Each structure stands twice: as structure tokens, then as C-alpha cells.
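Data first, discussion second: the structure below is written as C-alpha cells.
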């Protein structure tokens with residue numbers, strides 16, 4: 001292994017996670033949470049119960065809610081979110097995060113430091129690192 005290859009640092013989630021996070025609450029109407037996602041230009045909203053991660057509401061969840069015919073101004077986020085989602089730490093390697101997301105079939109992964117939400121990483125973020133960073137041979 002060459003010296004530059006040995007010195008190459010592994011990319012961790014802290015290096016690419018988005019800190020622009022849409023926050024919502026379990027009793028928030030789905031329409032309001034979706035509007036917050038649009039305003040923040042993100043594909044998911046982190047659902048908080050007090051200071052703690054309670055769930056995640058994604059574009060797919062909003063689409064399922066809309067397809068159900070339910071009134072999204074009255075339907076609560078808690079009815080459509082993924083409760084207690086898997087999360088990763090800022091020090092999780094990109095490859096590990098990609099494996100978690102692909103094995104479980106989701107596209108957004110909350111990033112938590114201790115118990116505090118500090119960001120979100122999406123499959124798009126992970127793919128972008130592979131495109132920007134040339135592979136060593």
C-alpha cells in the first residue's frame with residue numbers, strides 16, 4: 001500500500017450529513033410536516049418527542065397518506081411516520097451507513113450524537129461521495 005493510500009481518511013457521516021433538518025412532532029398534521037419538508041427542501045422530517053427522536057416521516061410516508069384519501073390537514077404525523085427509526089452516529093463510516101440503508105430499504109437515516117439529532121443522511125448523499133471521490137485502484 002502506498003503512503004498516500006494509507007493516509008487516506010475514511011469518510012464518516014459527519015463529513016456529508018445534512019444539518020438542514022426539518023423537525024416535526026407526532027401530533028402535527030401531515031400536511032404541515034410536508035410543507036416544512038418542502039420549505040427546507042428535504043425528503044424527510046425528523047419527528048421529535050421533546051428532545052428525543054421519536055420517528056421519521058419521509059416523502060414515501062406522505063405519499064402513502066395522500067393515497068389513502070385521508071385528510072392530510074387532520075391526519076397526524078404519528079399515524080404515518082416510522083416510529084423509533086434506526087439511526088447512526090456522526091462517526092459511522094459511509095459504507096456502514098449505506099449497508100444499513102440498503103438492507104432495510106430506506107433512503108433517509110437520522111444521525112444522532114448521544115441522544116441528540118444532529119443531521120440526516122440520504123442515499124443521494126452517499127452516492128454523491130462515490131461520484132466525487134475517485135476510487136483508488
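The values are calculated or read from the model by the stated rules, or taken from the named source; none is laboratory data. Everything numeric in this text was worked out from a predicted model, so none of it was measured. Using ideal geometry, Cβ is built from the backbone for each residue, glycine included, and neighbour counts are taken over all protein chains shown.
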Being outside any loop (DSSP other than H, G, I, E, B) and either surrounded by 12 or more Cβ atoms within 10 Å (Cβ to Cβ) or in contact with a strand residue (DSSP E or B) (Cβ under 7 Å, 6 or more places away or on another chain) (or both) is the filter here, so list the residues in the range 66-94 that pass it.
66, 76, 77, 78, 79, 82, 83, 88, 93, 94
Selected residue (only one of 45, 40, 35 is farther than 14 Å from residue 120 by Cα and without any contact (Cβ under 8 Å) to a residue 60 or more places away in the chain)
35
Which one of the conditions (1) at pLDDT 95 or above; (2) loosely packed, with under 13 Cβ neighbours inside 10 Å does residue 51 fail to meet, given that it meets all the rest?
(1)
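The rows are residues; the columns are (1) modelled with pLDDT under 95; (2) more than 23 Å from residue 11 (Cβ to Cβ).
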site	(1), (2)
28	no, yes
44	no, no
83	no, yes
116	yes, no
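Yes/no matrix, rows are residues, columns are (1) under 13 Å from the mean Cα position of the chain (by Cα); (2) on the phi > 0 side of the Ramachandran plot:
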residue: 62; (1), (2): no, no
residue: 73; (1), (2): no, no
residue: 77; (1), (2): no, no
residue: 82; (1), (2): yes, no
residue: 86; (1), (2): yes, no
residue: 91; (1), (2): no, no
residue: 96; (1), (2): no, no
residue: 105; (1), (2): yes, yes
residue: 108; (1), (2): yes, no
Restricting attention to the range 105-130, the residues that are assigned to a strand (DSSP E or B) and touching a helix residue (DSSP H, G or I) at 6+ places or on another chain (Cβ under 6 Å) number exactly 3
If you go through 63, 23, 102, the only one that is assigned to a strand (DSSP E or B) and surrounded by fewer than 18 Cβ atoms within 10 Å (Cβ to Cβ) is 23
For the subset of the range 8-20 comprising residues that are more than 17 Å from residue 106 (Cα to Cα) and buried (at least 16 other Cβ atoms within 10 Å of the Cβ), which member is modelled with the lowest pLDDT?
11
